[in-house]
Amino acid sequence: MGINLFSGWRVLVTLAFCFLLAACDRGAGHPDAAAVPVYVVGSDASYPPFESMDEHQNMVGFDVDLLRAIARREGFRLQFVNTPWEGIFATLGQRKRDILASAISISQQRMKQVDFSEPYFSARQVIAVPRGANEIGSFADLRGIKVAVQVGTSADEDLQRLLGKESGDVVRYQTMTEAFAALKAGKVGALVGDNGVVAGFVRQSDGAFFVVQDTASFAPEHYGFAVAKGQTALRDKLNAGLAAVRADGTYDRLYRQYFAAGK
């Protein structure tokens, strides 16, 4: 049978057009991964259960899982970078980090440097002391005792107000892990830190330490995700995602996973 060249040409053109349409449809349903924004997150991974490194050197914790859930809802990706607490805020201004997720208490002083998301966790400072230290029942009882804190935290600021900025009794450590180790070794008589972290340490101490709560001396604090000043679009994404994961039950599931009790 002979071949009609004109008909054959029309078939080829039609097939090419169909392939082009199919490719366009695939592109519309599967956006290029390169087009999805990637934000670099700074976290001081020495603050379990909020952020720490696992045995495979992956960052894990409540803040990590919560922010990942927000990212899934809002259509962006994250790159977590272990960032020392001292100097962590400067990384935003230097554009080395896009978001800080590190159990950061929202304060008027910090709001001068960075913008915060809506609060995602309520915290309060508590005191950890060795079992049997019954003379310590309040914040005021820490006078004359060496107290461990993580440098630059709310606990550090509170102790400076109680004991004085130059007091030798305020023993500062770069990480909470180091502060806990000092308390365990008897180098200090007490430790002050956020309730979520301190409670975890005490639970793992096999009864060697207990928590002193002084609600009269320590005001409630609220954690927020921080972004550079003026990054309103990114802050709004975080707020929208946070509202979504609260509404769909993801937040409550993560809270139960890491803290086991009511908020």
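The values are calculated or read from the model by the stated rules, or taken from the named source; none is laboratory data. Computed from a predicted structure; not experimentally measured. Positions of Cβ are generated from backbone atoms using ideal geometry, with glycine treated the same way; all protein chains shown enter the neighbour counts. Remember, those area values only see protein heavy atoms, side chains included, never the ligands or the DNA or RNA. Shrake-Rupley method; radii C 1.70, N 1.55, O 1.52, S 1.80 Å.
Compute the accessible area per residue over region 50-147, keeping the other protein chains in place, probe 1.4 Å, unit Å². Can you show the working numbers first?
Details: 4710 Å² over 98 residues.
Averaged over the residues of region 50-147, the accessible area is 48 Å².
If eta is 1.306 mPa s and T is 10 °C, what Stokes-Einstein diffusion coefficient results for the chain, Kirkwood Rh from Cα pairs, in µm²/s?
Numbers: Rh = 21.0 Å.
Approximately 75 µm²/s, per Stokes-Einstein.
What are the residues whose amide H is under 5 Å from the amide H of Phe50, where those residues sit 5 or more places off or on another chain and H is modelled from the backbone?
Phe62
Against the longest alpha carbon principal axis of the chain, how many degrees, from 0 to 90 and to the nearest 10, is the axis of helix 250-259 turned?
Roughly 40 degrees, rounded to the nearest 10.
Heavy atoms of the protein only, probe of 1.4 Å, neighbouring chains included. What is the accessible area of Phe201 in Å², nearest 10?
Around 30 Å² of this residue is reachable by solvent.
In the neighborhood of Ala219, defined by Cβ-to-Cβ distances under 10 Å, what is the net charge if each Lys or Arg adds +1 and each Asp or Glu adds -1? Don't skip to the answer; put the middle values down first.
Numbers: positive: Arg124; negative: Asp158, Glu221.
Net charge around Ala219: -1.
So if I take the alpha carbon set of region 69-125, get Rg, then get Rh from the Kirkwood formula, what is the Rg over Rh ratio? Before the final figure, lay out the partial values.
Numbers: Rg = 12.4 Å, Rh = 13.0 Å.
Result: Rg/Rh = 0.96.
Between Ala35 and Lys112, what FRET efficiency comes out of the Förster formula 1/(1 + (r/R0)^6) with R0 = 35 Å and r the beta carbon distance, rounded to 0.05?
On the way: r = 35 Å, r/R0 = 0.99.
E between Lys112 and Ala35, to the nearest 0.05, is 0.50.
For Ser122, put the label point 7 Å out on the Cα→Cβ axis and report which residues of region 218-236 keep their amide N under 20 Å from it.
218-225
Which percentage, to the nearest 5, of the DSSP beta bridges contained in the chain is antiparallel? Could the numbers behind the result be given before it?
Values: 20 of 34 bridges.
Antiparallel bridges make up about 60 percent of those DSSP assigns within the chain.
Reachable aspartates and glutamates from Lys112, Cα under 20 Å, same-chain residues fewer than 8 places away excluded?
The reachable aspartates and glutamates, counting only those whose Cα sits under 20 Å from Lys112, are Glu86, Asp98, Asp156, Glu157, Asp158, Glu221, Asp236.
Need the full-extension length gain, Asn134 to Asp65, defined as separation in residues times 0.36 nm minus the C-alpha distance. One decimal, nm.
21.1 nm
Nearest 0.05, what FRET efficiency do Phe259 and Arg95 give at R0 = 35 Å with Cβ-Cβ as r?
On the way: r = 33 Å, r/R0 = 0.96.
Calculated value: 0.55.
What do you get for the angle between helix 154-163 and the principal long axis of the chain? Use alpha-carbon atoms, 0 to 90 degrees, nearest ten.
Around 20 degrees separate the two axes.
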